[in-house]
Amino acid sequence: MNAISLNNNERIVFSSIPVLSYDQFMEQNLVLLENDSCHCISYFGFHFDGKIRLVCCIADDTQNSILVSSAVTLKDECLPSFTAHQQAFHAFEREISENMGIGYTDHPWLKPVRYPANRADRKLVIGNYPFYSIDSDELHEVGVGPVHAGVIEPGHFRFICNGEQILHLEIQLGYQHRGIESLFLEKKNLLQKVILAESIAGDTVAGHTTAFVNLWESLCNYKAGKDLQSDRTIALEIERIAVHTGDLAALSNDIAYQPGSAVFGRLRTPLINHFQLWCGNRLAKGLIRPAGTHFPYTGQLADQFLRMLESWEPDFNEMWNVFHKLPGVMGRLEKTGILSNEQVRQIGAVGITARSCNLGRDIRSSHPHDYYSQINHQSVMKRHGDVYSRAQIRREEIRQSLGYLRQLVNDLPVREPYKLLQLQPEPGSFAISLVESWRGEICHCAVTDKNGELMIYKVKDPSFHNWMALALAVRNNEISDFPVCNKSFNLSYCGHDL
Amino acid sequence: MFDHLKIIIHQGKQYIPDVTTAVVPGIFRGRPVISSEISDWKALAEICPTGAITSAPVSIDLGRCLFCGECAFLFPDRIRFTTDYKLACNVREDLIILSGEDKPVELRPEFIRKEISGLYGRSLKLRQVSAGGDNSCELELNACGNVNFDMGRFGIEFVASPRHADGIVITGPVTENMAGPLQICYDAVPEPRLIILAGTDAISGGIFDGAPALNRSFLSKYQIDLYVPGNPVHPLTFINGVLELIKKRKKND
Ligand code: SF4
């Protein structure tokens, strides 16, 4: 094994990452992925010393470590693909090809990822994308999007149907692309970078901002105190409960179950209003900052939170207990949108999607950060891989997170005085920050140059892995079940498109 | 059946009775009040992530402001964000809050298109187009229709098709990849059609202003009927803004 092993949020010298020949690099990472406890958290290319450097990061869940290796290649090179052997690499290699202009000899489907502004081939435009089609008199196509029926983000879904049944779904994204990764390099002011992190996905502000500040602090050799770690963990867990509750409302809505939609929907309000009490913003924008905070979590907030839960929890339980016993609800959720354990393993799915198929991907237990190392988190797992499993995981994670939150707010650490420090990253460094957001694993990683400026900033939202899960889950389902399948994953468009 | 009745009884009334006078809980960064005694505006301009602060006289442009509050942390006794959530207006310049001023942001009736109150005063159907929005404004626009804010009681609703809509609500800084679909969606709305910009990203591009992945040319082609600032927009900001847009001119005609 010729890779460097590091921990979540550990800074290393970039030049200490082994540089292998491409063949060795490929073989090594493919062998690693044969082990069930390993999955690829990030694989990217960037311009380095006039050539292209490929960096592959594999997380080992049982060793709590991350194995990083690299290789050098050139633009217009045509390489054998990892994907031909391990599908989990498919999106990473498509991205490398799209951004760097590298070709692959045997990639099964090198379709564009997001048509970024800095793509290697400017001639390709999103409006002309040639969708996969099947020439048959018995099949028809249904195109949905990019503008959808609800108040949601844009993306295009192209179904090939046999009557009412979905034979194949192709998803094309990129409409939301704002150039976040390049802007991280261009915006020199730290506050601007934090705001970019807050804008990666506005439904996962705590998740992506925690990933950013933890990474930034690691690059600067700064260790956040217990108080900041506690704040960040509280924010992540409130965000998890709030979104999970909202998702149960949305699932109810998609099966036309009005009481669930109204009650779960309104139960989300006091949770996000707690963010407003805390930091003045319902989605926690402005809350998380590197090496300090404007909004320490106080005993008074803890009291307000615990008091709110006194009525919130009985209301939630009452609604859930009716919801999951109704035949009309269960008929729509059970055995709909099924994924198998083998499928999620193959595509490298993470988060709720993986856990609903008994695949235990959860950074809170495998690579704990902030307060999670003290929580001894046990992932909520289900086996059936259907919409109902994903709903159940939400319900049980809400219960579990409420337990963590009670523990955290009842035992707030002593606060240290902070003056938001302007830290400077160490030159020539590399670090990875993993966070288990409500949706799943977020991975940010960065390399700094000889002046300590960012050379590359990579963001991976869990959706990057999981959109493929949706495409597979709807096969052989009725097209009318697509909305509820989609909602059960609740993936991010902007987090994917960046 | 009985279980549902129990839930209905336990839930009680959840709606906000009067959305025009409701008080937002806790701290909220709404309309800022800036003291005219600021001397060190350079430090302010430097700290602001989007260049929303300019000098002579010192002012904050709510169309660029991300409500991060950093300026108020720098000069806590000179800049104060009030909980006034009524931030919407129909003239872009009115989003610029000057130092020494403490007056509400309002729509100017003379610039509201004549046909609006007659046609849409009691029923306004809107099509939402997210064009690079980060899903925060989208979540808040959805929240406008939930049982708490219940925007539907005023006849204001989001609809599934542009063909059924009276106007579009744009969120996000308008990406190049969404420029085409946005135009197609707008063209599909029957005339007369409104354009509402929801959120700082839509109004100015926000933190993304000037990024090569954007294409904001659509916005310079048409009259904008309503600007609703926020990061994201608060449901009360949106509902009050739209209510003024469809009601105000009538009052004054
Ligand atoms: S609150 Fe607005 S004006 Fe003040 S620094 Fe932040 S973006 Fe600039």
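The values are calculated or read from the model by the stated rules, or taken from the named source; none is laboratory data. Computed from a predicted model, the values in this text were never measured in an experiment. All Cβ positions, even for glycine, are placed from backbone atoms using ideal geometry, and neighbour counts span all protein chains on display.
In the stretch B:205-227, the residue that is surrounded by the most Cβ atoms within 10 Å (Cβ to Cβ) out of those that are under 30 Å from A:N273 (Cα atoms) and away from chain A (no Cβ under 14 Å) is B:Y227. For the stretch B:11-28, the condition of being within 11 Å of the ligand (Cβ to nearest atom), in a loop (DSSP other than H, G, I, E, B) and within 7 Å of chain A (Cβ to nearest Cβ) holds for none of the residues. Identify, please: which residue in the stretch A:256-269 is in contact with a helix residue (DSSP H, G or I) (Cβ under 7 Å, 6 or more places away or on another chain) and surrounded by fewer than 21 Cβ atoms within 10 Å (Cβ to Cβ) and is, among those, nearest to the other protein chains (Cβ to nearest Cβ)? Among those that are in contact with a helix residue (DSSP H, G or I) (Cβ under 7 Å, 6 or more places away or on another chain) and surrounded by fewer than 21 Cβ atoms within 10 Å (Cβ to Cβ), it is A:P259. The residues of the stretch A:176-194 that are more than 18 Å from the chain's Cα centre (by Cα) and at the interface with chain B (Cβ under 7 Å from one of its Cβ atoms), listed by number, are A:L183, A:N189, A:L191, A:Q192. Counting only strands (runs of 3 or more DSSP E) that sit completely within the stretch A:1-96, those holding 1 or more residues that are modelled with pLDDT under 95 and charged (D, E, K, R) correspond to A:51-60. Between B:I60, B:I97, the distinction of being in contact with an Asp or Glu (Cβ under 9 Å, 6 or more places away or on another chain), of a type in the set (A, V, I, L, M, F, W, C) and within 16 Å of the ligand (Cβ to nearest atom) belongs to B:I97 only. Of the residues examined, A:Y418 is one that is surrounded by fewer than 18 Cβ atoms within 10 Å (Cβ to Cβ), aromatic (F, W, Y), in contact (Cβ under 8 Å) with a residue 12 or more places away in the chain and farther than 23 Å from A:Q63 by Cβ.
Any residue that is within 30 Å of A:S480 (Cα to Cα) and touching a Lys or Arg at 6+ places or on another chain (Cβ under 6 Å) - is there at least one of those in the stretch A:226-243? Looking for residues that are within 30 Å of A:S480 (Cα to Cα) and touching a Lys or Arg at 6+ places or on another chain (Cβ under 6 Å), one finds at least one in the stretch A:226-243, hence yes. Restricting B:C65, B:C71 to those that are within 12 Å of the ligand (Cβ to nearest atom), modelled with pLDDT under 90 and within 14 Å of chain A (Cβ to nearest Cβ) reduces the list to B:C71. For beta carbons closer than 9 Å, sequence separation of 6+ or different chains, a first residue in the stretch B:56-72 that is among the acidic types (D, E) and a second that is near the ligand (Cβ under 7 Å from one of its atoms), the qualifying pairs are B:D61/B:T50; B:D61/B:A52; B:D61/B:I53; B:E70/B:I47; B:E70/B:C48; B:E70/B:P49. Among the residues of the stretch B:131-141, is any among the polar types (S, T, N, Q), crowded, with 20+ Cβ neighbours inside 10 Å and either at negative phi or within 9 Å of another protein chain (Cβ to nearest Cβ) (or both)? Within the stretch B:131-141, one or more residues are among the polar types (S, T, N, Q), crowded, with 20+ Cβ neighbours inside 10 Å and either at negative phi or within 9 Å of another protein chain (Cβ to nearest Cβ) (or both). Number of residues in the stretch B:43-56 that are more than 6 Å from the ligand (Cβ to nearest atom), at pLDDT 80 or above and more than 10 Å from chain A (Cβ to nearest Cβ): the value is 6.
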